[in-house]
Protein chains: 2
Amino acid sequence: MIKVSIIGSGNVAQHLITAFLKSEAITLVQVFARNSQSVSHLVPENRITSDSSRLKAADVYIIAVSDDAIPEVSKQLNFTNKLVVHTSGSSGMDVLDPKNRKGVFYPLQTFSKDKAVNFTEIPLCLEAESEDDYAFLEIIATALSDKVFRINSAQRQSLHVAAVFSCNFVNYLYQIGDEICHENNIPFEILFPLIRETANKIKDLSPKVAQTGPAIRRDQKTIERHLTFLQDNPERIKLYQLLTESIQKNNV
Amino acid sequence: MIKVSIIGSGNVAQHLITAFLKSEAITLVQVFARNSQSVSHLVPENRITSDSSRLKAADVYIIAVSDDAIPEVSKQLNFTNKLVVHTSGSSGMDVLDPKNRKGVFYPLQTFSKDKAVNFTEIPLCLEAESEDDYAFLEIIATALSDKVFRINSAQRQSLHVAAVFSCNFVNYLYQIGDEICHENNIPFEILFPLIRETANKIKDLSPKVAQTGPAIRRDQKTIERHLTFLQDNPERIKLYQLLTESIQKNNV
């Protein structure tokens, strides 16, 4: 059985703990967390420690802490030449202390504390210094998920930017839709089927091919009507104009 | 049985024809289309005409033609005081000729010609001049869909703008994500679970509450790294900055 230790007690740590405890191929030997309270509902008492001198031997140590804390936490580990990975999308592998073998085990999903996730559908992005360590991480990853990708640090950085556009910024456009509906006494749920269809369509068509709406049709009359409608909200106008221009420029 | 006639042969017309032919509560008496060829695979020959003098009596006439053509088509009808509705999201009810009773029957969805849709899940937005006509449209709408909404012309205009933000612009942000992935040799499908979760989350949480990412966390270090990453693409930088500022301003 492969032995895994998790370092951290936050959102990602908790979801990983739950996933590893379910797995039959992996043993979660220990959780190391300063704040052991926050994982005590998940893991038996004797497998939690907040004392770095009491770390048990494991095949891989997964650091799931905030980006800023990764260098310090990896430095404090009182062993060397073990496989130590972090779970951050926006940090390079090189933030890890060089006294251990480095790797990355990055689950690409938004985790909310109280929302269970189906780990088998979460893309796991792996990186390691050596092929042996990569192969080992791959065994662990495939035990949790059907979607395992080899992604180096530079790619992971670009992936993080792509995710900001396709998810964080998308959610903000939903917020604008929600606000416009609300301001006009329309239930936001009226847009749910369209939002779902828009998100589903790109599995069959590339977004470039799937683009619809007044911008791509160059339907100037409708665009003008929309800008008049938005006239009291300069910020929405700026966004509407910039997105419309970008769509038109990039789809000639 | 309620008798419905459809005027038009485009995308929306075809999807409505298919839906009405399936309904047991409604009879599709006739399709009136200049281009009768494009619906001949859907409707029996004797129920299609391209001659406006041969229009059969119906309880409601649904005009599903391009926005620009609605006024003219509604004027050419050779009868008066019948219920005539259009299916446009961006046109007011007043574009219809006043010689007939006016209404709107607007299905809020993106239709693609070769993709079947489940009409029961499509929001139908209704409007009519009189309560009697509204009630009548409601009977027809509930025969097709579980989601029927009373939406007046001003609301419909705002709904159209909300849909542009939450769907057309969203799809363009998917395109940017796709391009960034492609440029860095990452398969775009790696983002699908995140895109799906982002679209699903807003059913349980308002978008404002669901917002995550560096902008809302005011994680200036990550934002700077992303802007550096984007430095060769001024357009993406402008979008990134404007969306980040808007998120921060609107979530104080």
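Scanning segment B:97-112 for residues that are within 14 Å of chain A (Cβ to nearest Cβ) and assigned to a loop (DSSP other than H, G, I, E, B) turns up B:Leu108, B:Gln109, B:Thr110, B:Phe111, B:Ser112.
When residues in segment A:98-121 are screened for being touching a residue at least 12 places away in the same chain (Cβ under 8 Å) and in contact with an Asp or Glu (Cβ under 9 Å, 6 or more places away or on another chain), 11 of them pass.
Test A:Arg196 against the stated conditions and say whether it is within 22 Å of B:Ile195 (Cα to Cα) and facing chain B (nearest Cβ under 7 Å). Spelling it out, A:Arg196 is indeed within 22 Å of B:Ile195 (Cα to Cα) and facing chain B (nearest Cβ under 7 Å). Only one of these is farther than 25 Å from A:Asn184 by Cα and in contact with a strand residue (DSSP E or B) (Cβ under 9 Å, 6 or more places away or on another chain): B:Leu144, B:Leu124. Name it. It is B:Leu144.
Every residue, every condition in (1) of a type in the set (Val, Ile, Thr); (2) in contact (Cβ under 8 Å) with a residue 40 or more places away in the chain; (3) part of a helix (DSSP H, G or I), yes or no:
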residue	(1), (2), (3)
B:Arg156	no, yes, yes
B:Phe169	no, no, yes
B:Gln175	no, no, yes
B:His182	no, no, yes
B:Leu194	no, no, yes
B:Asn200	no, no, yes
B:Val209	yes, no, yes
B:Ala215	no, no, yes
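Identify, please: which residue in segment A:199-216 is under 26 Å from the mean Cα position of the chain (by Cα) and within 7 Å of chain B (Cβ to nearest Cβ) and is, among those, surrounded by the fewest Cβ atoms within 10 Å (Cβ to Cβ)? My answer is A:Lys203.
Taken as a whole, the structure leaves A:Tyr240 outside the set of residues that are within 7 Å of chain B (Cβ to nearest Cβ), free of Cβ contacts under 8 Å to residues at least 40 places away in the same chain and of a type outside the set (A, V, I, L, M).
Away from chain B (no Cβ under 13 Å), under 27 Å from B:Glu197 (Cα atoms), of a type outside the set (A, V, I, L, M) and assigned to a helix (DSSP H, G or I), is that true of A:Phe20? So A:Phe20 passes the test. Of all residues assigned to segment A:145-163, none qualifies as being modelled with pLDDT of 95 or more and at positive phi. Being of a type in the set (A, V, I, L, M, F, W, C) and modelled with pLDDT under 95 is a description that applies to B:Leu55.
Whether a residue is out of contact with any strand residue (DSSP E or B) (no Cβ under 8 Å at 6 or more places or on another chain), assigned to a helix (DSSP H, G or I), surrounded by fewer than 23 Cβ atoms within 10 Å (Cβ to Cβ) and assigned by TED's automatic domain parsing to the domain that holds A:Gly89 was assessed, and A:Ala135 passes this test.
Yes or no, residue by residue, for (1) β-branched (Val, Ile, Thr); (2) touching a helix residue (DSSP H, G or I) at 6+ places or on another chain (Cβ under 9 Å):
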position: A:Pro193; (1), (2): no, yes
position: A:Gly213; (1), (2): no, yes
position: A:Phe229; (1), (2): no, yes
position: A:Asp232; (1), (2): no, no
position: A:Leu239; (1), (2): no, yes
position: A:Thr244; (1), (2): yes, yes
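Looking across B:Val65, B:Val12, one residue alone is in the same structural domain as B:Ser145 (by TED's automatic domain parsing), surrounded by 17 or more Cβ atoms within 10 Å (Cβ to Cβ), touching a residue at least 60 places away in the same chain (Cβ under 8 Å) and not in a strand (DSSP E or B). It is B:Val12.
The values are calculated or read from the model by the stated rules, or taken from the named source; none is laboratory data. Everything numeric here is computed off the predicted structure, so don't read it as measured data. When we count neighbours, we look across all protein chains shown, and the Cβ atoms used for this are built from the backbone with ideal geometry, even at glycine.
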